[in-house]
Amino acid sequence: GAGVSQSPRYKVAKRGQDVALRCDPISGHVSLFWYQQALGQGPEFLTYFQNEAQLDKSGLPSDRFFAERPEGSVSTLKIQRTQQEDSAVYLCASSLTSANTGELFFGEGSRLTVL
Amino acid sequence: GQNIDQPTEMTATEGAIVQINCTYQTSGFNGLFWYQQHAGEAPTFLSYNVLDGLEEKGRFSSFLSRSKGYSYLLLKELQMKDSASYLCAVYLRGGYNKLIFGAGTRLAVHP
């Protein structure tokens, strides 16, 4: 596709359920980022992939959060045993290169609500 | 630690000019972005400054002073559709392009 695609756009989960959020970056983009955005806040960094390698996962809030990008294209963010504090919009972004230049292109996000 | 500060909210009148300030204190710096984000939508790119000075792009301009850790976004001839959140984001120096964001400034444009 022309842009970054995320699914589902909206997800409601009961506390304790596992969820999986998918990101389809722009074709050929090397870098892929996941961000968490709480209501009224800016995006908070979660993790970074360069192709299939997860080079930085320092922003993942707990070991319940797991991300993968096995073939260097589509990525999945998995949250196990969801808690109410996990409610947020999860944004995926991709970039053509791994250098400190160029813009990040964002998807529209997956809004997770944990009841 | 990393710190990016910007005002929480601003209001302005249609047709006017507004300046949104951003100050940053980061362990490294390799450029500053401004993104626009309408409610429920993805952030979209507005500007990128890596050198000191003013970058102008149509109704939007962005300024950077690296020595002061300061940037501003200037919006001219405001339109109702400019009502949105404006995110200041800093590229950290390092092995890859890690981008960290401020909390965003919600701008409301009134008739």
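In the range B:1-40, what residues are within 15 Å of B:Y91 (Cα to Cα) and not in a strand (DSSP E or B)?
Within the range B:1-40, B:G1, B:Q2, B:T26, B:S27, B:G28, B:F29, B:N30, B:G31 meet the criteria.
Go through the range B:92-111 and report how many residues are within 11 Å of another protein chain (Cβ to nearest Cβ), open to solvent by 60 Å² or more (accessible area, probe 1.4 Å) and assigned to a loop (DSSP other than H, G, I, E, B).
Number of matching residues: 2.
Just to check your reading of the model, which residue among B:Y48, B:Y70, B:Y24 is modelled with pLDDT of 95 or more and in contact with a Gly (Cβ under 9 Å, 6 or more places away or on another chain)?
Exactly one of B:Y48, B:Y70, B:Y24 is modelled with pLDDT of 95 or more and in contact with a Gly (Cβ under 9 Å, 6 or more places away or on another chain), namely B:Y24.
Kindly indicate whether A:Y90 is modelled with pLDDT of 95 or more, hydroxyl-bearing (S, T, Y), assigned to a strand (DSSP E or B) and in contact with a Pro (Cβ under 9 Å, 6 or more places away or on another chain).
So A:Y90 fails the test.
Which of (1) closer than 29 Å to A:S110 by Cβ; (2) within 14 Å of another protein chain (Cβ to nearest Cβ) is the odd one out, the single condition B:K81 does not satisfy?
(2)
Pick out the one residue from B:E9, B:E77, B:E55 that is surrounded by fewer than 19 Cβ atoms within 10 Å (Cβ to Cβ) and without any contact (Cβ under 8 Å) to a residue 40 or more places away in the chain.
B:E55
Name the one entry in B:L64, B:L32 that is away from chain A (no Cβ under 11 Å), crowded, with 20+ Cβ neighbours inside 10 Å and over 24 Å from A:S94 (Cα atoms).
Among B:L64, B:L32, only B:L64 is away from chain A (no Cβ under 11 Å), crowded, with 20+ Cβ neighbours inside 10 Å and over 24 Å from A:S94 (Cα atoms).
Could you pull out the residue among A:P25, A:P70 that is closer than 17 Å to B:L99 by Cβ and more than 10 Å from chain B (Cβ to nearest Cβ)?
When all the criteria are applied, what remains is A:P25.
Go through A:Q41, A:Q37 for me and flag whichever is free of Cβ contacts under 8 Å to residues at least 12 places away in the same chain, within 21 Å of B:G102 (Cα to Cα) and within 14 Å of chain B (Cβ to nearest Cβ).
A:Q41
Of the residues A:T113, A:T97, which is farther than 22 Å from A:P8 by Cβ, of a type in the set (S, T, Y) and open to solvent by 40 Å² or more (accessible area, probe 1.4 Å)?
A:T97
Determine which member of the set A:Q54, A:Q36 is surrounded by 21 or more Cβ atoms within 10 Å (Cβ to Cβ) and closer than 18 Å to A:K78 by Cβ.
A:Q36
The values are calculated or read from the model by the stated rules, or taken from the named source; none is laboratory data. As the structure is a prediction and not an experimental result, all values here were calculated from the model. In this analysis, Cβ positions are derived from the backbone assuming ideal geometry, glycine residues included, and neighbour counts consider all displayed protein chains. For accessibility, only protein heavy atoms count, side chains too; no ligands or nucleic acids. Shrake-Rupley method; radii C 1.70, N 1.55, O 1.52, S 1.80 Å.
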